[in-house]
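Everything below concerns the one structure shown next.
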Amino acid sequence: MPEPRTIGWLLDEVDRAALIARFPPVWPDVIAHHVTLKSATDQPLPTETAGQVVGQVNDGEGLQALVVAIHGTTDRPDGSTYHITWSLDKARGREAKQSNDVLRERGFDRLDAPIPIRLTPSELS
């Protein structure tokens, strides 16, 4: 049986730079790289090439994320939230996968207006 692979979208580099200017990373380890769809075997890459940043969260304990809507929803098929782990503090033991927990426990602050972003379907791992 093939190993599961993680698929999703890479954030466009121009959009990444603009978002970093608008949402300066709070924590020392800047990720700001991708949106995860799922881990699966034999799953084709997604076809969407656009999304919208609709919210943000900073837990004050070493993790910051931007919330993304794809096809008008922030809900991933697994019940978690589409997001970009923006920055974290590895020295505090923080990991990107903890963004899901932070969003589930705290929710997020919605932006006044969505920000369109370009996304490239990709295998992430």
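The values are calculated or read from the model by the stated rules, or taken from the named source; none is laboratory data. Nothing here was measured: the structure is a model prediction, and the numbers come from that model. We work out accessible area using only protein heavy atoms, side chains counted, and drop any ligands, DNA or RNA first. Shrake-Rupley method; radii C 1.70, N 1.55, O 1.52, S 1.80 Å.
Values for this structure:
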item	result
Descending principal axes extents, the chain, alpha-carbon based, whole Å	40, 32, 25
Accessible area of region 26-125 divided out per residue, in Å², using a probe of 1.4 angstrom	53 Å²
Within the accessible area of the chain (1.4 Å probe), percent carbon and sulfur	48 percent
Equivalent ellipsoid semi-axes, region 20-90, via Cα gyration tensor eigenvalues times 5, rooted, Å	23, 14, 11
Whole-Å semi-axes of the ellipsoid equivalent to region 76-125 (Cα gyration tensor, √5λ, descending)	20, 17, 13
Per-residue [θ]222 nm for the chain (sum of -39500 (n - 2.57) over DSSP H runs n ≥ 4, rounded to 500)	-4500 deg cm²/dmol
Mean separation of Cα contacts under 8 Å, 6 or more apart, over the residue count of the chain: relative contact order %	37 percent
